[in-house]
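Trainee: Sharing a structure, written as structure tokens. Questions coming.
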Amino acid sequence: MNTASHPFHGILLILAAGLVLASHDGMAKYLALSHPLILVVWARYLSQSTAMLLLFGPRRGLAIVRTSHPLLQLVRGLCLVAVSLLFVSSLRHIPIGEATAVLFLAPLFITGLSATLLRERVSRGQWGAVILGLLGVLVIVRPGGALFTPAALLPLGAALCLAVFMLLTRRLSESDDPVTCNFLSSLVGSLLLSLLVPFYWETPDLHDGLLLSVVGGVAMLGHLLLSHAYRYASAATLAPFTYSQLIFAVLVGLVAFGHVPDGGALLGIAIVIASGVLSVWVQRRTA
């Protein structure tokens, strides 16, 4: 199938993915406010690993864990665990919309990491997008504002770890199957946190137990929708629509937690979106 043959289908899928992922973050915030962080993140990876094993295991067999670069897969999985721990921890202190906006700096951090670590050429326009994105975050957590606390560093750290994760994903995509990559990263999280969760264990009630058991499946659904979106439309076409997750995150924060972003937060989120769109436009123009 031509990747650009049905762009409208791809846009619908990317919008659905944004809604599902924002809903996942809302579930994670709700659970993290009343349960240990380690328990919440462990449940996410355990349920995601189980769902992927049931969905893909019977057809793929041992191929689901076959990789050409086990060490890189391990590091990639550890990066994703760090992203989850930092981001979910931030949701205890920061509204979902604002935290998600900071996390969306990850693609811009890739520009800086590509220049410093991979020695790739980065244009002035791309550096401009990075600076604009950082400016947007400063507007969100402006000095004197309610979010100007050490907790604001948590989503920033998550964004940096996510950038490393995405760079490793790009490297591994040349040799490993995407399903294998996703399964191994969730498996690393499950095994690592299983060593820690006994020290943080508390038995949830039925309602929260059900949420803990499905939170990873919701995350997996969001990522599957993202993957399928790129079957119908090009990355350049879909890139601006990935920022719909920010809008959905603000709506989830409003509906589920009653948080209404102030004018400064909305302006900062808009600047972050603009920086991402500028980065995509510069890359398309360069290409």
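The values are calculated or read from the model by the stated rules, or taken from the named source; none is laboratory data. Quick caveat, the model's predicted, so the values are computed rather than measured. Quick reminder, even Gly has a Cβ in these numbers, built from the backbone with ideal geometry, and neighbours come from all protein chains shown.
Trainee: Which is small (Gly, Ala, Ser), under 27 Å from residue 107 (Cα atoms) and modelled with pLDDT of 90 or more, of 275, 186, 194?
Mentor: After applying the criteria, what remains is 186.
Trainee: Condition test on residue 180, is it at pLDDT below 95, in contact with a helix residue (DSSP H, G or I) (Cβ under 7 Å, 6 or more places away or on another chain) and either among the polar types (S, T, N, Q) or at positive phi (or both)?
Mentor: Taking the combined requirement at face value, the residue satisfies it.
Trainee: Return the only residue of 195, 221 being free of Cβ contacts under 8 Å to residues at least 60 places away in the same chain and of a type outside the set (Gly, Ala, Ser).
Mentor: 195
Trainee: So in segment 241-267, with the set limited to residues that are more than 22 Å from residue 28 (Cβ to Cβ) and out of contact with any Lys or Arg (no Cβ under 7 Å at 6 or more places or on another chain), which one is surrounded by the fewest Cβ atoms within 10 Å (Cβ to Cβ)?
Mentor: My answer is 263.
Trainee: Here's a check for you: in segment 161-191, which residue that is surrounded by fewer than 17 Cβ atoms within 10 Å (Cβ to Cβ) and among the hydroxyl-bearing types (Ser, Thr, Tyr) is farthest from residue 114 (Cα to Cα)?
Mentor: 175
Trainee: Just checking: which of the helices (runs of 4 or more DSSP H) contained wholly in segment 29-124 hold 3 or more residues that are closer than 25 Å to residue 155 by Cβ, at pLDDT below 90 and among the β-branched types (Val, Ile, Thr)?
Mentor: Per the criteria, 106-116.
Trainee: Output the qualifying pairs, or none if there are none: Cβ atoms under 6 angstrom, residues six or more apart or on different chains, first residue in segment 229-240 and surrounded by fewer than 19 Cβ atoms within 10 Å (Cβ to Cβ), second residue of a type outside the set (Ser, Thr, Tyr) and not in a helix (DSSP H, G or I).
Mentor: Once the first residue is surrounded by fewer than 19 Cβ atoms within 10 Å (Cβ to Cβ) and sits in segment 229-240, its partners that are of a type outside the set (Ser, Thr, Tyr) and not in a helix (DSSP H, G or I) give 234/4.
Trainee: Checking the condition at pLDDT 85 or above and in contact with a His (Cβ under 7 Å, 6 or more places away or on another chain), which residue from 258, 253, 268 passes?
Mentor: 253
Trainee: A further question on this structure: Is there any pair linking a residue in segment 258-287 that is under 13 Å from residue 125 (Cα atoms) to one that is part of a helix (DSSP H, G or I) and aromatic (Phe, Trp, Tyr), with Cβ under 8 Å and at least six apart or on different chains, and which?
Mentor: Close Cβ pairs (under 8 Å, with a partner that is part of a helix (DSSP H, G or I) and aromatic (Phe, Trp, Tyr)) amount to 276/243; 277/243.
Trainee: Would you check if there is a residue in segment 120-142 being under 22 Å from residue 179 (Cα atoms) and basic (Lys, Arg)?
Mentor: Taking segment 120-142 and keeping what is under 22 Å from residue 179 (Cα atoms), we get none.
Checking segment 120-142: not a single residue is under 22 Å from residue 179 (Cα atoms) and basic (Lys, Arg).
Trainee: Here's another thing I want to ask about it. Quick test for you: out of 113, 85, 74, pick the one residue that is closer than 25 Å to residue 235 by Cα and touching a residue at least 24 places away in the same chain (Cβ under 8 Å). Let's see the steps before the verdict.
Mentor: Working: 85 fails: closer than 25 Å to residue 235 by Cα; 74 fails: closer than 25 Å to residue 235 by Cα.
Testing whether each residue is closer than 25 Å to residue 235 by Cα and touching a residue at least 24 places away in the same chain (Cβ under 8 Å) leaves just 113.
Trainee: Moving on. Does any residue of segment 192-205 turn out to be buried (at least 21 other Cβ atoms within 10 Å of the Cβ) and either more than 26 Å from residue 16 (Cα to Cα) or polar (S, T, N, Q) (or both)?
Mentor: yes
Trainee: Same structure again: Of the numbered conditions (1) over 30 Å from residue 46 (Cβ atoms); (2) buried (at least 21 other Cβ atoms within 10 Å of the Cβ); (3) touching a Gly at 6+ places or on another chain (Cβ under 8 Å), residue 111 satisfies every one except a single condition; which is it?
Mentor: (3)
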